[in-house]
Amino acid sequence: MNSLSFQILSLFYVGLILFVYFGKKKLDTLENRIYVSLLIINFINQIVDMISVYLGIKEPTLPITNFFTKFYLVILLLWVFCFTYYIFVISSKKNMGNTVIWKNKNMGYFKKVFFYFLGTFSIVGILIFLFPLHVWSDGKSMYTYGPSAITSYATTFICLIIWTICLWTNAKSLKDKKYLPVFSFVILAGTSAVIQGLFPQILLVTSAASFITVLTYFTIENPDMKMIEQLNIARDQADKANNAKSEFLSNMSHEIRTPLNAIVGFSQALKEENLPEEAIEEVEDIISASSSLLEIVNGILDISKIEAGKLEIVNTEYSFKKVYNELVSLTKARIGDKQIEFRTHYDELVPPVLYGDHTRVKQVVLNLLTNAAKYTKEGYIELKVSTVIKNDICRLIISVEDSGIGIKNENISQLFSKFERFDLEKNITIEGTGLGLAITKKLMDLMKGKIVVQSVYGKGSKFTLAIDQKIVPKDALEEIVVESVDSTSFQNKKILVVDDNKLNLKVATRLLTPLGINVEEVDSGFACIEKIKEGNKYDLILLDDMMPKMSGIETLSYLKGIENFKIPCIALTANAISGMREKYINAGFDDYLSKPIDKNELNNVLSKFLSTEEKTMV
C-alpha cells in the first residue's frame, strides 16, 4: 500500500458528497454555509495533499515540493479553523440549538467571531509560509518537520482546546448528534498518530478530515429533511385550519338549524289551520324559502366535510325506485309554474333492492335536476335511468338533460370548481352558491362513480352519471311509509320531549298536540332522568343530543341503566350530516329525526312506535 491510497479513496468519496450536496436545494443557514466551506476546503486539501505527497516522494528537495507541502499545511489548518468555527456556532448559547438564517439580525455576533477566526488564521498561515520546512523521503514514504510544521501542530492543539471549552460549556447537550464528528475526530486523530508512527508510509490526516467532513453531512440539518419538516408543519397547520373551519361550519349549521326548526315547524302547523287561501300561500312560501336556506346550509356543511376528509359513504339496503319517485316529485315542485315539459324514463330492469348510499345517490341526481330547473326557462327537462347488470353489480346510468342556457366550452373544465358561476350578468337573479356541482363531483369520486358533461351553449346541457351499486337478492324492501295520519291515531299517547332550547320544545309540542298526543317538556338530560326515576310512564321520548352538561347520548346511556327501562328513544338533533342516523342507532337510539323537523318524517316515526298496527308498503 503506497502513501496515496487513502488520499485517492477519500477524494472520490468527498467528491461524491459534493455532488450529492450541491444537487439538492439548501436552506440559507449559517450551518449550511460553514458546511459548504468544509466540503470545498477538504476537496482542495485532498488534491494538494496528493500533489505534495507525490512530489515529496519523487523530488523532496525541490522548492516546488516545499511550496506545495506548506500550502497543504495551510489548507489543512484552514479546514481545522473552519471546523472549530462550526463547533463554536453549534455550541453558542446565542444559537440555542436553533437554525440561524444567514440574513437574520442576530448574525452580527457570528460574523464578528468569524472575522476573529479569519484574522488569526491569516497570521498563522503567513508564519507557516515564512518558517522553514523540511521534507524527508526514502522513495516510498515521506514526512515533514521543522518550525513550519510545528506551528501548524501547535495551532491545531489550540483549536482542540477551544473544542474542549465548547464541549464543557454545553455538557448537557453532548448527546446531540451534531457533536458526533467532534468525538470522532479526536478518536481518529489519536489513531492516525499511532498508525503513522508504526507505518510512516500510511498518511491518514487528510483522510481523517475527509471522514469527519462526510460524517458531518449526516448531522447537519439535511436540506431535504428540513424542507419535508417544513412541509409537514405547513400541512399540519393547514389541517388544523381546515378542521377549525369545518368545526365552525358544523356549529354554524347547528345554530342555523335551530331557528329554522321553529320557522318550518310553526309554518307546517299553520298550514293545517283554517286560514284564508292567501295566508296559506304565504305559509307555503315561508316553507319553500326555509327549504332553500336549508339546502344552502347543507351544501356548505357538505363541502367543508369533504375537504376535511370527514364525509363518508354510508351503504345500506334501499329501493332505487323509491329514490326515483322522490326525485320526480321534488323536481316537479322545483319546476313549479314554468312552461317546462318534464320527461321521465325508468328502466324496470333495475333490481328492486340495491346496496349503497341512497342519500348521496339522491343528492347528486337532485343537484343536477335542481340546476336544470334553475337554468331552463322553457322547453324540457329529461330524467332518464337505465342499467347494466353484471354478476351482482348494477351500474346505474342516470342522465339529466335540459334545453336550458347551456355551458361554454371554455367553462366546462371549471364546472366542478367551488363557488364557480358563469355568465353572472345573465344569471344574477338565479339563486345558488356555486357549490352544487362541486359537491356532486366530490361525492361521485367518493362513490367511485363517473360524471360526463355534454353541452351546447344556448341550447342545453346533458349530465350523465354512472354509479355501481351492489344487488341485494330480495324481491322487495319493506318499509313504513306514512305521510299523513289521522288526528285520532295517537289519542292518549304520551311523549316526553327533551331539549335545552325552549323554542324547539314549543315547536315539538305544536306539531304533536293536534295529533291527540299528551306532551311533557323538560329542558335537560338531568330532568329527563328524574322524570323516569319518579315512575312516569311514556310511550316515546324525543331526546335532543347537543345539550349542555349532559348530551342526549349520555342521557340515554344513563336511562338504559335504569331497571325495566324499555321506552323507545328517538334522537332529535340539528346534527344532520350523513352518517348521523347510524351513529345514533349504534349509540342505542331507536331512530333519528333531524332538525328542522319534517312533518312526514315525524309521522313515520310516530306511526312506527305508537300505532298498534303499522302501515307498511311493499
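The values are calculated or read from the model by the stated rules, or taken from the named source; none is laboratory data. Only a predicted model underlies this, so the values are computations on that prediction, with no experimental measurement involved. Virtual Cβ from ideal backbone geometry, glycine too; neighbours counted across all protein chains shown.
For the stretch 545-568, check the following and say yes or no: at least one residue is small (Gly, Ala, Ser), assigned by TED's automatic domain parsing to the domain that holds residue 607, within 34 Å of the chain's Cα centre (by Cα) and closer than 25 Å to residue 313 by Cβ.
no
Taking interchain pairs and intrachain pairs at least six residues apart, which have beta carbon atoms under 9 angstrom, with the first residue in the stretch 402-413 and free of Cβ contacts under 8 Å to residues at least 24 places away in the same chain and assigned by TED's automatic domain parsing to the domain that holds residue 372 and the second of a type in the set (D, E, K, R) and part of a loop (DSSP other than H, G, I, E, B)?
Short answer, once both residue conditions are applied: 411/420; 411/423.
Only one of (1) of a type outside the set (D, E, K, R); (2) closer than 22 Å to residue 442 by Cα; (3) at pLDDT below 90; (4) not in a helix (DSSP H, G or I) fails for residue 370. Which number is that?
(4)
Please specify each residue of the stretch 310-360 satisfying the condition of being hydrophobic (A, V, I, L, M, F, W, C) and part of a strand (DSSP E or B).
340, 342, 354
Please specify each residue of the stretch 585-595 satisfying the condition of being on the phi < 0 side of the Ramachandran plot, more than 31 Å from the chain's Cα centre (by Cα) and assigned to a loop (DSSP other than H, G, I, E, B).
589, 590
Of the residues that sit in the stretch 210-233 and are modelled with pLDDT of 65 or more and touching a Ser or Thr at 6+ places or on another chain (Cβ under 8 Å), which one is surrounded by the fewest Cβ atoms within 10 Å (Cβ to Cβ)?
Only one residue fits best here, namely 215.
Name the single residue, out of those in the stretch 142-183 being part of a helix (DSSP H, G or I), at pLDDT 75 or above and of a type in the set (Ser, Thr, Tyr), that is surrounded by the most Cβ atoms within 10 Å (Cβ to Cβ).
That would be 152.
Looking at 27, 39, which is the one that is in the same structural domain as residue 216 (by TED's automatic domain parsing), part of a helix (DSSP H, G or I) and either modelled with pLDDT under 70 or surrounded by 13 or more Cβ atoms within 10 Å (Cβ to Cβ) (or both)?
So the residue among 27, 39 that is in the same structural domain as residue 216 (by TED's automatic domain parsing), part of a helix (DSSP H, G or I) and either modelled with pLDDT under 70 or surrounded by 13 or more Cβ atoms within 10 Å (Cβ to Cβ) (or both) is 39.
From the list 452, 400, 388, 456, pick out the single residue that is over 36 Å from the mean Cα position of the chain (by Cα), among the aliphatic types (A, V, I, L, M), under 29 Å from residue 352 (Cβ atoms) and modelled with pLDDT of 80 or more.
Every option except 388 fails the conditions.
Among the residues of the stretch 354-364, are any closer than 19 Å to residue 333 by Cα, of a type in the set (S, T, N, Q), in contact (Cβ under 8 Å) with a residue 24 or more places away in the chain and in contact with a strand residue (DSSP E or B) (Cβ under 7 Å, 6 or more places away or on another chain)?
no
Going by the conditions given, is residue 112 assigned to a helix (DSSP H, G or I), out of contact with any Cys (no Cβ under 6 Å at 6 or more places or on another chain), surrounded by fewer than 20 Cβ atoms within 10 Å (Cβ to Cβ) and modelled with pLDDT of 80 or more?
yes
Quick check on my filter: what residues within the stretch 452-469 are without any contact (Cβ under 8 Å) to a residue 40 or more places away in the chain and among the β-branched types (Val, Ile, Thr)?
Within the stretch 452-469, just 452 meets the criteria.
Do we have any residue at all in the stretch 288-305 that's at pLDDT 75 or above, under 22 Å from residue 443 (Cβ atoms), of a type in the set (Lys, Arg) and part of a helix (DSSP H, G or I)?
no
Would you mind telling me which numbered condition in (1) buried (at least 17 other Cβ atoms within 10 Å of the Cβ); (2) among the small types (Gly, Ala, Ser); (3) more than 35 Å from the chain's Cα centre (by Cα) residue 379 fails?
For residue 379, the failing item is (1).
Go through the stretch 591-618 and give me each residue that's closer than 19 Å to residue 318 by Cα, modelled with pLDDT of 80 or more and of a type outside the set (Phe, Trp, Tyr).
591, 593, 601, 604, 605, 608
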